1. Over 28 Å between C-alpha atoms is what I'm after, so list which of K205/K319; K333/K398; K167/K205; K205/K291; K286/K398; K139/K398 land there.
2. Rg and Dmax of the chain, using alpha carbons, in Å: what are they?
3. Starting from the eigenvalues of the Cα gyration tensor, five times each then square-rooted, give me the equivalent ellipsoid semi-axes of region 203-302, largest first, whole Å.
4. Can you quote the Å³ per residue value for the convex hull of the Cα atoms in region 183-228, rounded to an integer?
5. If you take the charge dipole of the chain about its Cα centre, with +1 on Lys and Arg Cβ and -1 on Asp and Glu Cβ, which of V149, A368, Q182 is farthest toward its positive end?
6. Under the 0.36 nm per residue contour assumption, what length would be gained going from the current alpha-carbon distance of E49 and E343 to full extension?
7. Taking amide H positions as placed 1.01 Å from N in the peptide plane, with prolines and chain starts having none, which residues 5 or more places from V120, or on another chain, fall under 5 Å of its amide H?
8. What is the spin-label model distance, in nm, from N434 to N218 if the labels are put 7 Å beyond Cα along the C-beta direction?
Amino acid sequence: MSKLAINGGDKVRKLPFPAYKPLGEEEVEAVSEVVKSGILSRFLGAWHEDFYGGPNVKSLESEWKNYFGVRNAVSVNSASSGLIAALGAVGVGPGDEVIVTPYSMCISATAPLFYGAVPVFADIEPDLFCLDSDSVEEKITEKTKAIIVVDLFGQPYDVKKINNLAKKHNLVIIEDASQAPQAKFDGKYAGTLGDIGVYSFNYHKHIHCGEGGMVVTNNDGWAERLRLIRNHAEAAVAGREDLSDLSNMVGFNMRLGEMEAAIVRIQLKKLNQLVKDRIKNVEYIKQGLEKIDFIQSAKTREGATHSYYLHVFTYNQEKADGVNRNSFVDAVKAELTYTENREAEGVKVSSGYVRPLNQLPIFQNKIAFGNKGYPFSFSPEVDYSKGICPVVELCHEKTLFFHDLMHPNMTKQDLDDVILAFQKVSDNISELKN
Ligand SMILES: *Cc1c(COP(=O)(O)O)cnc(C)c1O
């Protein structure tokens, strides 16, 4: 008789897992204060003292830059906006190329398109999953202007090698730290390791306010350009005779609201503990799964700390008696159940991460804005075929899986159920043959 739930046996876990909910009474009170004040946003999209926003936005930016030890913090309404604004601020434009990773949320690769630059994909490290410096170096051309590095899954990119490359070739590093707030390399926070860093306050992230983001940089000139792009630059530059460079000053509305800013101010105070709890839970799960020899909890980079947005494993099919990763992961999922507040996503264990981004239709067809090939026609030789980044494809199709059942709201009993599900499938893996 079958024991595994996927074959009709009993599930390890029937009750849903608890929601990830870092918000509490303090946030409720802070929002309530903002509502009572009547000032839900104080931004003015013209050159005026309110050009820089209201009291919570200003305080949040000041607290953020002190916490992370940077000269400037500019809040925005999402990390996606932040990445776009960062590219605009450093002067990326038509004719430029930006090196990106195929393994991230799509905006980490599509952001250059908004300023008419062409994304060029480099491959990732097989064990740490961030951009591989050798592959990046191969992709550098005369046109390369910037690299968007992503601190994927919660740990910093290869700072030493990639920063050296950038220096040598005079490239700007934009660091997407959306998944890695509080992670460190060499004692310095993720987000501050390149030239401009971006954080996300989206609902799915370590700390959140629904939707929001932050951009940090030590370059005061870029910071002011960020503030302009965020807030209708074209309307504000009129009173700014001090601005010599009008490139990319078209402007958007990327402003963060006062309620969101008030929430993030409190969330920031909780960040350190929230990440500590994640690390503790990951250690517990890692220990519980140590004996399963065909899965391995991913390494942390030497010199770095991890903030575990996701907990990643690599899978070895040979050691698993020939059973492939997808069959194994599907069987584990069948033993478990969904997480509250994220019901639609099903069990939060997944084979692979996102489909390699070069495979998106936008790149396969080279159609972004309009249908005449803009901006891809500036660099017609750039190749997006399947197969250009073999490490990503191997990870995605065969070896990588992750879960996020280690967030701070998980109890010891919850974690034990997760461990039990993996153990049960491992003990009965012969049931998955064929
Ligand atoms: C979540 C995420 C983003 C986008 O963040 P938003 O605030 O939702 O725009 C960008 N990059 C990475 C790596 C992310 O995980």
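Any read-out appearing in this document is the output of simple, stated calculations on the displayed coordinates, not a laboratory observation. Bear in mind that the values here come from a model prediction, so they are computed numbers and not experimental data. Ideal geometry is used to build each Cβ from the backbone, glycine not excepted, and the neighbour counts take in all protein chains shown.
1. K205/K319; K167/K205; K205/K291
2. Looking at the chain, its Cα Rg and Dmax stand at 22.6, 80 Å.
3. Over the Cα atoms of region 203-302, the semi-axes work out to 42, 17, 11 Å.
4. Residue-normalised Cα hull volume stands at 73 Å³.
5. Farthest towards the positive end: Q182.
6. Stretched fully, the E49-E343 segment lengthens by 101.4 nm.
7. Residues meeting the amide H criterion: V98, I99, V100.
8. For the pair N434/N218, the computed spacing is 6.3 nm.
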